[in-house]
Amino acid sequence: MSDGLPQPRRLVAIAAISFGTALVVIDSAIATVALPTIARDLQVEPSAAVAVVTVYQLVLVMLLLPMSGLGDRIGLRRLYQLGQIVFTIATLLCFFAKSLPFLLLVRGVQAAGAAAVLSVSVALLRRIYPKAHLGRGMGINSVVVSSFTALAPTLGGIILAFGPWPWVFACALPFAVISLLLGRALPDPPGRSEPYDVLGAVLCAAMFGLIIGGLESGVHGDSPVVSAAIVLAGVFIGVLFVQRERHETVPILPIDLLGRPVISLSVIGAFTAFVASMTLLLSLPFRLQHDFGFSPTEVGAAIAPWPLTTLFVAPMAGWLSDRYPAGIMGGVGMTLAISGLVSMAFLPADPGWIDLAWRMSLTGAGFGIFLSPNARLIIGSAPIDRAAAAGGLISTTRMVGQTIGATLVAALLAFGIGDGMTPPLIAAGLALIAGLCSVARLRPSLRNPAKEEAEEVQPAQQVR
């Protein structure tokens with residue numbers, strides 16, 4: 001197998017992946033600004049309109065791993081392209097949504113298409129870039145995610161100022177079309193011959209759906225008994241699912257990969273890092289408005305240094321991860337993040353923009369230095385024929401971590417401690433766990449013994 005795609009095909013494939021990633025990120029982040037308008041036009045309560053966001057996130061989490069398994073069977077490029085076609089059709093249907101139930105159905109279909117794209121995008125990156133440049137590729141992908149996450153709310157606001165709310169969802173369509181046109185340049189490894197495990201896919205989706213849905217139900221004031229029963233049902237199905245997956249040759253839940261200590265530590269670290277970052281980012285607006293009297297515009301300006309810093313740090317971290325162990329990179333990143341989070345907890349009595357900006361920039365830099373090398377290590381440590389499973393694992397970890405972070409903030413707000421110094425301190429504790437997991441990977445006994453799948457691509461440049 002060649003080491004990456006040849007030029008200029010590689011550049012075209014990178015553009016296809018970047019546009020595909022952008023459409024998923026925009027559609028996930030842009031809907032929040034349109035919720036008040038959707039509630040008014042569809043004549044529903046604002047609390048009911050929030051389901052437009054939560055349904056999308058829930059379906060995405062439920063389908064990422066099953067979709068990665070499907071990509072292994074039918075081909076990575078085929079699933080990637082089919083996902084964008086489904087997404088495009090569902091987006092066009094938004095213009096015909098005259099009721100909330102129909103819009104929620106369309107959003108679920110959108111999420112299914114997005115899951116197909118996201119589940120195999122990292123595996124395609126593994127085959128696009130030469131192994132020596134994989135970290136650089138993960139860094140570029142992180143820049144795409146960060147920049148469009150930051151752009152989406154502003155873009156949504158501009159669209160709503162001039163057009164109806166369906167155009168908020170439709171703005172991602174050009175990215176899908178361009179990615180589809182460029183998609184012929186993507187690598188097209190043959191699919192596996194094994195039959196697809198339909199029952200395993202159903203159990204996987206049910207496990208994530210019930211557990212996360214039950215937690216969301218609980219923090220939004222529904223019956224605690226019913227919410228607990230939903231979570232317990234999800235846990236029960238999860239136990240059955242994991243036991244079943246242990247006997248599968250190619251499991252949908254990649255137990256074979258999680259059995260490798262270097263990957264399991266990386267997944268735990270990524271999960272706690274995503275929970276930590278979401279805990280701070282979602283709780284900070286409440287604190288700034290309630291405690292310090294910031295306007296919404298000032299809140300946005302205070303948060304902006306985080307994604308702006310990530311735009312510069314992520315590609316640098318990806319480049320360095322091709323030369324230095326992810327354990328060192330992650331330890332340094334989480335040290336910076338913990339420093340920023342603790343400093344955010346102890347803000348001055350009357351903080352100005354500079355007081356917030358350097359803290360947010362420091363924290364964003366820390367997470368940026370940690371996440372790209374961490375993802376590079378997961379995908380690089382998996383066998384090439386399990387790259388789709390590793391990519392699905394990365395995406396699922398991110399989505400579940402962000403969802404749990406949002407649920408945690410909702411719970412803290414419900415207990416009256418979500419708009420003070422408690423969230424950043426909890427986030428700092430989670431970042432400490434991520435840092436410890438990262439440093440633990442430096443132990444020789446925990447490293448992946450397979451040289452061709454090892455974390456460092458160029459042994460001569462390793463830092464011991």
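The values are calculated or read from the model by the stated rules, or taken from the named source; none is laboratory data. Quick caveat: nothing in here was measured; it's all calculated off a predicted structure. Cβ coordinates were reconstructed from backbone atoms using ideal geometry, including for glycine residues, and neighbour counts include every protein chain displayed.
Brief remarks on what is shown
- Summed over segment 403-418, the residues that are without any contact (Cβ under 8 Å) to a residue 60 or more places away in the chain and part of a helix (DSSP H, G or I) give a count of 0.
- Condition check for Thr279: at pLDDT below 85, closer than 30 Å to Gly157 by Cα, out of contact with any strand residue (DSSP E or B) (no Cβ under 9 Å at 6 or more places or on another chain) and not small (Gly, Ala, Ser): no
- Every listed requirement among (1) in contact with a Phe, Trp or Tyr (Cβ under 9 Å, 6 or more places away or on another chain); (2) assigned to a helix (DSSP H, G or I) is met by Leu5 save one, (2).
- Hits in segment 231-257 - residues which are of a type outside the set (A, V, I, L, M, F, W, C), touching a residue at least 24 places away in the same chain (Cβ under 8 Å) and part of a helix (DSSP H, G or I): Gly234, Gly238, Arg244, Glu245, Asp256
- Looking only at residues of segment 113-133 that are within 20 Å of Leu186 (Cβ to Cβ) and small (Gly, Ala, Ser), we find that the one that is surrounded by the most Cβ atoms within 10 Å (Cβ to Cβ) is Ser119.
- Residue in segment 284-303 that is farther than 21 Å from Phe346 by Cα and modelled with pLDDT under 90 present: yes
- Of all residues in segment 340-357, exactly one satisfies the criterion of being touching a residue at least 12 places away in the same chain (Cβ under 8 Å), surrounded by fewer than 17 Cβ atoms within 10 Å (Cβ to Cβ) and part of a helix (DSSP H, G or I), namely Trp353.
- Applying the set (1) in contact with a Leu (Cβ under 6 Å, 6 or more places away or on another chain); (2) buried (at least 21 other Cβ atoms within 10 Å of the Cβ); (3) farther than 27 Å from Ile128 by Cα to Leu210 leaves exactly one unmet item: (1).
- Top-ranked residue of segment 91-103 - restricted to ones that are in contact (Cβ under 8 Å) with a residue 40 or more places away in the chain and surrounded by fewer than 18 Cβ atoms within 10 Å (Cβ to Cβ), ranked as nearest to Ala176 (Cα to Cα): Leu92
- Test: residue in segment 132-144 that is polar (S, T, N, Q) and either free of Cβ contacts under 8 Å to residues at least 60 places away in the same chain or outside the structural domain of Ile38 (by TED's automatic domain parsing) (or both): no
- The residue list Ile394, Ile354, Ile369, Ile417 contains one member that is within 27 Å of Gly71 (Cβ to Cβ), at pLDDT 85 or above and β-branched (Val, Ile, Thr), which is Ile394.
- Hits in segment 267-306 (condition: among the acidic types (Asp, Glu) and farther than 13 Å from Asp419 by Cα): Glu298
- Test for Phe286: is it in the same structural domain as Ala382 (by TED's automatic domain parsing) and among the aromatic types (Phe, Trp, Tyr): yes
- Residue in segment 19-40 that is without any contact (Cβ under 8 Å) to a residue 24 or more places away in the chain and among the small types (Gly, Ala, Ser) present: yes
- Residues considered: Asp322, Asp256. Of these, the only one that is in contact with a helix residue (DSSP H, G or I) (Cβ under 8 Å, 6 or more places away or on another chain) and modelled with pLDDT under 85 is Asp322.
- Any chance Ala16 is in contact with a Leu (Cβ under 6 Å, 6 or more places away or on another chain), assigned to a helix (DSSP H, G or I), small (Gly, Ala, Ser) and under 14 Å from Val144 (Cα atoms): yes
- Residue list for segment 12-43, filter: within 16 Å of Gln110 (Cα to Cα) and aliphatic (A, V, I, L, M): Ala22, Leu23, Val24, Val25, Ile26, Ala29, Ile30, Ala31
- Here segment 169-187 is the region considered, the condition is being farther than 14 Å from Phe19 by Cβ and modelled with pLDDT under 85, and the residue that is surrounded by the fewest Cβ atoms within 10 Å (Cβ to Cβ) is Ala170.
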